[in-house]
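Below is one structure, written out as structure tokens; the observations come after it.
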Amino acid sequence: MRTVLFLGVGFLLLLGVGIPYVTGVFAEQQFTQLYQQWTQSPFVSSQDSQHQRGWLNSTASSHMLWQKNQGQVELQHQIDHGLLPLKAVNINTVVGLNEVLQQQLQTYLGDVGTPLVQTQITAARQVLFNLVVPRPDENQLPAVQGQFTAHMATQQVEGQLSVPLWQIPQSAYPVRSLNAQIQVQGQMLDEETFKAQAQVQPEQVQVALQHQADAELQAPELKLDIQIQGDLLNVEGRLLVPQLQAGEQQFERLELTFHGQQLDWRIVQELLDILKKPALQQRFMLPMFMLRQAKPFLSHQPSLHFKSLALHSSEGDLSGHVHLQVNPVSDDNPGNITALLQLLQSDIKLDMNKTLVEQILKVWLLEMQGEMTAGQLEQAIEAWLQEYVTPLEQRGWVRLEDGVYRVQFTSTPAS
């Protein structure tokens, strides 16, 4: 009996000591696989990763470089081996950002503390993440809070984010998003191909205008399907804004469905970075950007399709579509803007109520010219229509019928 009892106690001790160690080996394997999958993304690259395994706990550290070497991320992990399959492996990670990334985070989110990630690895090879980017004031809601599930076998991840405030303050027209809920799902198909779906639903988006009341988009909803393969981006999306206001002008509904193909996302990112800068800097930087990047961007034969475009207001409606396609760039193309534009194939069809066009022009002209009286504004609208719309009418690309501008334009590349 004593022998049986001794063997039983010994077996339990072996389980108590051995299983956490075996779980630690499993945790290290899963951790390494997860890290390798993440660093296969086109946005980050691995510098190094270290892992020190103990019996019950382990520590690990890893370093990653963000795209274009814009920043460095240092991850410090504390790993509790757990007792699989009864208890999951738990990993607490402190995310250290270098000065560049920390400043970017504060630019877009305001004052933030150190990001934290809690991870659970289960026997079913599912990984559960909880992400928190806290505020320095603990009484405030976190700047970002999210929950994700990763499936190791299929390299899929899905989850949701809550972002109370997101902003682009350094742009010519600063943007603020309030109380956004974001649903995401992504998958690495191979080393160069990543696809994702996202749904973004803020309560409100504000755009600061310079010479009139801010533009406000109430409860907008954006859905995106994205695929990145190497440097090329394919994106399909739908934007719905139930109500928007710009200055004193009210619009009831905006609907937009778009599709972009073969877009060099690195060049697009560079353009977006320029557009965030003040108008004076843009004026100098954009021509140089166009000279340098127009030909490589167009060489991929990108296309942009606004499959449906609709804007409704009490003043009238706008509806139609816009399709733009670039034909192949030949080796003997001189590469100047004029020659490259001749490769553009377009199909544009729009119906726009004249009073709605005037309503939009009121917002735009006030921004361009500043404060004007009602009479001056009316004169400016008439002058703009005379200068820009009348020549199009003379060419037959625009005609005015029963108070509606009908735009129909089709072009093919010059031979």
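The values are calculated or read from the model by the stated rules, or taken from the named source; none is laboratory data. All values reported here derive from a predicted model rather than from experimental measurement. Cβ: placed from backbone, ideal geometry, glycine included. Neighbour counts: every protein chain shown. Accessible surface is based on the protein model in full, side chains and every heavy atom, while ligands, DNA and RNA are left aside. Shrake-Rupley method; radii C 1.70, N 1.55, O 1.52, S 1.80 Å.
Of all the listed residues (Gln293, Gln249, Gln282), the sole one being surrounded by 15 or more Cβ atoms within 10 Å (Cβ to Cβ), at negative phi and at pLDDT below 85 is Gln282. Under 8 Å between Cβ atoms, at least 6 apart or on separate chains: pull out the pairs that start in the range 207-222 with a residue that is touching a residue at least 24 places away in the same chain (Cβ under 8 Å) and end on any residue that is charged (D, E, K, R) and open to solvent by less than 50 Å² (accessible area, probe 1.4 Å). As it stands, the answer is Leu209/Glu367; Gln210/Glu367; His211/Glu367; Gln212/Glu367, since those pairs meet every condition given.
Of the residues Gln140, Gln187, only one is over 20 Å from the mean Cα position of the chain (by Cα) and farther than 30 Å from Ile274 by Cβ; which? Before the answer, list the steps.
On the way: Gln187 fails: over 20 Å from the mean Cα position of the chain (by Cα).
It is Gln140.
A single entry from Glu192, Glu248, Glu252, Glu221 fulfils the requirement of being touching a Pro at 6+ places or on another chain (Cβ under 9 Å) and either over 25 Å from Val322 (Cα atoms) or hydroxyl-bearing (Ser, Thr, Tyr) (or both): Glu192. The residue that is nearest to Phe194 (Cα to Cα), counting only those in the range 252-274 that are touching a helix residue (DSSP H, G or I) at 6+ places or on another chain (Cβ under 9 Å) and open to solvent by 40 Å² or more (accessible area, probe 1.4 Å), is Arg266. Out of the residues in the range 242-254 that are assigned to a strand (DSSP E or B) and out of contact with any Leu (no Cβ under 6 Å at 6 or more places or on another chain), state the one that is farthest from Glu358 (Cα to Cα). Here the answer is Gln243.
One residue stands out among those in the range 220-241 that are assigned to a loop (DSSP other than H, G, I, E, B) and at pLDDT below 95: the one that is least open to solvent (accessible area, probe 1.4 Å), which is Gly230.
Filter the range 121-180 down to the residues that are aliphatic (A, V, I, L, M), assigned to a strand (DSSP E or B) and modelled with pLDDT under 90, then identify the one that is surrounded by the most Cβ atoms within 10 Å (Cβ to Cβ). Can you show your working first?
Filtering the range 121-180 for residues aliphatic (A, V, I, L, M) gives 121, 123-124, 127-128, 131-133, 141, 143-144, 150, 152-153, 157, 161, 163, 165, 168, 172, 175, 178, 180.
Subset that is assigned to a strand (DSSP E or B): 121, 127-128, 131-133, 144, 150, 157, 161, 163, 165, 168, 175, 178, 180.
With modelled with pLDDT under 90 added as a condition, the list becomes 121, 127-128, 150, 157, 168.
Details: Ile121: 26, Val127: 22, Leu128: 16, Ala150: 21, Val157: 19, Ile168: 17.
Ranking the qualifying residues of the range 121-180, first place goes to Ile121.
When Gln104 is tested against (1) of a type outside the set (Val, Ile, Thr); (2) within 19 Å of the chain's Cα centre (by Cα); (3) in a strand (DSSP E or B), only condition (3) is not met.
Taking the criterion of being open to solvent by less than 70 Å² (accessible area, probe 1.4 Å), in a loop (DSSP other than H, G, I, E, B) and farther than 12 Å from Asn353 by Cβ, the only residue of the range 394-409 that qualifies is Gly396. Please indicate, with yes or no, whether at least one residue in the range 314-326 is more than 24 Å from the chain's Cα centre (by Cα), closer than 20 Å to Arg238 by Cβ and among the charged types (D, E, K, R). For the range 314-326, residues more than 24 Å from the chain's Cα centre (by Cα), closer than 20 Å to Arg238 by Cβ and among the charged types (D, E, K, R): present.
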